[in-house]
Amino acid sequence: MVSTISSKPLTRSIDPKREAFCADLLAKMTLEEKVGQMVQADLSWHEDVRQLTREGRISSLFTIRDPKVINLYQHIAVDESRLGIPLIIGNDIIHGFRSIFPIPLALACTWDPELVEQVARASITEAMACGTTWNFAPMVDISRDPRWGRVAEGSGEDAYLSSTLGAAWIRGYQEARDADGRSAAACVKHYAAYGASESGKDYNSVDMSERRLREEYLPPYRAAVEAGVQTLMTSFNDLNGVPASANSFLIKRILREEWGFEGVVVSDYDAIGELVMHGFARDHKEATLRSVLAGVDMDMMGNAYHFHLAALVREGKVAETVLDEAVLRILGLKYDLGLFEHPFVDEADAHSALSLPESLDLAAKAAAQSIVLLKNEGGILPLNASAKTVALIGPLAKERQSLLGCWCFDGRVEDVETLAEVLERDLPADTNLIVEQGCAIDGGDLDLAGALKAAALADVVLLALGESDTMSGEAHSRAHLCLPGRQQELADALAKCGKPVVALVFAGRPLVMTKLVEETPSVVMAWHGGTRAARGVADVLTGKVNPSGKLSISFPRSEGQIPVYYAHKNTGRPVETSGTVQFNQAHKSSYLDEENAPLFPFGFGLSYAQFDYSGLKVLTPQVRKNETLRISARVTNSGKWHGSEIVQLYVRDLVGVVTRPVKELVDFRKIALAPGDSQTVEFELPAGCLSFLDENHHPVLEEGDYKVWIGPNSAEGLEGRFELID
Ligand code: BGC
């Protein structure tokens, strides 16, 4: 549906001044200086970084965030190197710099591109003030495997949602300007299909059909290119036997030729050197050869290009024009960012841009909007004024560090408010708050007696559970997705205490929490929400914010279901079948010991309001290929709370030249409704969006019957049909 084959590569307007400036500089460069522009290093490198900078043999430094240190190296590059080419400073600003926002997987649950854009702008503004001019984000790797620790860094399982939000991240990162008019480049990563690492283990191999790659995994990268992303990072994994960091099919054919990407391609950290471990190159020299010929412009960590690229040119194995093209792209990037004019960061001003009240308010808003209400039996939430004693129990009750989540270097633990602190402040003055840890996040500590004593005194129990920040992120995969340590025992005991219990789950991924959900009347997915996570949760608990988040990824019932995702194929023996059933149920595509459906499907999320869907109208029951499908439904808020609903549009192509998924998200809209109000939501979908790849991977738009749904999530909704005609 969101196929990546396009007949029309992008074309950019050419700036003659820029071209002349870069060509001029290139003409003055020695071979070593050209190689130097293709080398990126951090200060832990085993080489003398200062001296190499002086010699013009380093183009970019990364993971430095102190403006003083950045200026020190920049002065060496600009004032002491022969050509004075400035460094570009890279960092991973994944969900905030000093003000930390929810992890991207959580932010994706807002389904709100504008909010994502604001978060990106606020994050890069802080980072630029401290000297960052290149952000290694957004990660747009589709992932359907919550075991993979890096699932936290992306927008979840769906190509359409990830593409939409990826473009928003890029706009926010790249459109910001500092006082000198400098901007920062975004870097879409990790190209490609890293999120499908086998068995959820980081860095693992990926073997996937070209159709799946192009239809399900590549669309967000293509959307990033269309959104004007200036750089792209190759991934660590091998794809169908060829490591992504030396994969000319990915880089040359798809990225450059088909999509017309003109920006810089950087490897991931030492991913070129790792070609040796992959068994794809005999040594670093061969690794250099394979990567440079595949089209990687810059070697992150420089372990290959720095040592071997010049020799390969001298030996005639690599044409110097290959380097020239890469160097022109890199110089062009530095030019576009304004680095030649303004290479230095204003040290005196840097810190005044950090943690501004408006950034922290945005962090609180984003945290609240990311929250997904998974269960609210008996309407326990929002908390009732009659709850005079509230017991906050659990290892996350007084946590700071864990709320920040993975990948934040400059977020300060002392800036994080704990849930206990915020509730103490925000609950009505006559509410008594009792706080008990109950158990540790991980490990054997458990104090059931203390927890039960607190619960016995309370009118309502808030159970703050989840993962620490170190349980997700790079190289932090988990095989068991249960609540760590003895948290489940704590939850089991409190479930029987006779008091209403609300579980608040802080985590960097979907957890398997089937038992918790069964035994607990109210469950709130709070993710790792950043510096103001606790305020976001408190706002939802007190009803100041009515939750509106919808899951960006399915939650499995058990690890054995993984990968479990909504856009799967029907198979020849689906469990829900109509017509003749030739075999008994046991011979269906199912488990003997587990349901097929996830615990919570993609797109799911409750509200304190009640949204009813009615009156589906397929306004164009027959659509021509060059026309637009129009379909509408009425959404009514029949509850007592003002609320927002994310209305989702899914389609299914019933018969194709190749089999098609049972549902695909093609659009969504967020609407706000007061109690008693209704709105007719009309979607318009150009029929061209229904094209997919045939058996030869050519785009086709097939005539025939389609199902279409407008609904609150991927598993429910009003169903209609339409026909696509010639
Ligand atoms: C990660 C990248 C990151 C890079 C630089 C690597 O280990 O895979 O996502 O941008 O390090 O920090």
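A few notes on this one:
- Scan of segment 286-321 for residues that are over 19 Å from Val242 (Cβ atoms), without any contact (Cβ under 8 Å) to a residue 60 or more places away in the chain and assigned to a helix (DSSP H, G or I), ordered by number: Phe307, His308, Ala311, Leu312, Thr321
- Residue within segment 354-361 that is among the polar types (S, T, N, Q) and free of Cβ contacts under 8 Å to residues at least 40 places away in the same chain present: no
- Total residues in segment 53-69, condition away from the ligand (no atom under 16 Å from the Cβ), over 21 Å from Glu32 (Cβ atoms) and not charged (D, E, K, R): 2
- Checked against the criteria, Val265 counts as within 16 Å of the ligand (Cβ to nearest atom), in the same structural domain as Ala304 (by TED's automatic domain parsing) and crowded, with 24+ Cβ neighbours inside 10 Å.
- Residues that are among the hydrophobic types (A, V, I, L, M, F, W, C) and assigned to a loop (DSSP other than H, G, I, E, B) within segment 135-167 comprise Phe136, Ala137, Val140, Ile142, Trp148, listed in sequence order.
- Among the residues of segment 168-209, those identified as part of a helix (DSSP H, G or I) and either within 15 Å of the ligand (Cβ to nearest atom) or in contact with a strand residue (DSSP E or B) (Cβ under 8 Å, 6 or more places away or on another chain) (or both) are Trp169, Ile170, Tyr173, Gln174, Tyr194, Gly195, Ala196, Glu198.
- Filtered residues of segment 84-134 (kept if more than 16 Å from the ligand (Cβ to nearest atom) and in a strand (DSSP E or B)): Ile100
- A search for C-beta distances below 8 Å between a residue of segment 43-63 that is more than 12 Å from Ile89 (Cα to Cα) and any residue that is away from the ligand (no atom under 16 Å from the Cβ) and among the hydroxyl-bearing types (Ser, Thr, Tyr), counting only pairs 6+ apart in sequence or on different chains, returns Val49/Tyr73; Arg50/Tyr73; Thr53/Tyr73; Thr53/Ser81; Arg54/Ser81; Glu55/Ser81; Gly56/Ser81.
- Of residues in segment 644-663 being out of contact with any Phe, Trp or Tyr (no Cβ under 6 Å at 6 or more places or on another chain) and in a strand (DSSP E or B), the one nearest to Tyr565 (Cα to Cα): Pro661
- Whichever residue in segment 460-478 is among the acidic types (Asp, Glu) and not in a helix (DSSP H, G or I) and, among such residues, is farthest from Gly405 (Cα to Cα): Glu474
Quick grid of which residues meet (1) on the phi > 0 side of the Ramachandran plot; (2) of a type in the set (Phe, Trp, Tyr); (3) under 13 Å from the mean Cα position of the chain (by Cα):
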{"site": "Ile89", "(1), (2), (3)": "no, no, no"}
{"site": "Ile94", "(1), (2), (3)": "no, no, yes"}
{"site": "Phe97", "(1), (2), (3)": "no, yes, no"}
{"site": "Pro102", "(1), (2), (3)": "no, no, yes"}
{"site": "Ala106", "(1), (2), (3)": "no, no, yes"}
{"site": "Leu115", "(1), (2), (3)": "no, no, no"}
{"site": "Ala120", "(1), (2), (3)": "no, no, yes"}
{"site": "Thr125", "(1), (2), (3)": "no, no, no"}
{"site": "Met128", "(1), (2), (3)": "no, no, no"}
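- Among the residues of segment 688-698, those identified as in contact (Cβ under 8 Å) with a residue 60 or more places away in the chain and over 29 Å from Ile646 (Cβ atoms) are His697, His698.
- Residue match in segment 270-279 (condition: touching a Lys or Arg at 6+ places or on another chain (Cβ under 7 Å), part of a helix (DSSP H, G or I) and within 16 Å of the ligand (Cβ to nearest atom)): yes
- Filter result for the condition that a residue is part of a loop (DSSP other than H, G, I, E, B), exposed (fewer than 14 other Cβ atoms within 10 Å of the Cβ), modelled with pLDDT of 95 or more and in contact with a strand residue (DSSP E or B) (Cβ under 9 Å, 6 or more places away or on another chain), over Asn626, Asn546: Asn626
- Of the helices (runs of 4 or more DSSP H) lying entirely inside segment 380-459, the ones with 3 or more residues being in contact with a His (Cβ under 8 Å, 6 or more places away or on another chain) and crowded, with 21+ Cβ neighbours inside 10 Å are found at 401-404.
- Members of segment 636-663 that are in contact with a Ser or Thr (Cβ under 8 Å, 6 or more places away or on another chain) and closer than 20 Å to Val372 by Cβ: Asn637, Gly639, Trp641, Gly643, Ser644, Glu645, Ile646, Gln648, Tyr650, Lys663
- Members of segment 146-156 that are crowded, with 24+ Cβ neighbours inside 10 Å, away from the ligand (no atom under 13 Å from the Cβ) and farther than 16 Å from Ala192 by Cβ: Pro146, Val151, Gly156
- Filtered residue count, segment 298-335, keeping only those that are over 21 Å from Ala77 (Cα atoms) and polar (S, T, N, Q): 1
- Residue that is surrounded by the fewest Cβ atoms within 10 Å (Cβ to Cβ) [pool: residues in segment 606-623 that are touching a Gly at 6+ places or on another chain (Cβ under 8 Å) and more than 16 Å from Ile710 (Cβ to Cβ)]: Gln610
The values are calculated or read from the model by the stated rules, or taken from the named source; none is laboratory data. Treat the numbers as computed from the prediction; the structure is a model and nothing was measured. Please note: Cβ atoms are built from the backbone with ideal geometry, for glycine as well, and neighbour counts cover all protein chains shown.
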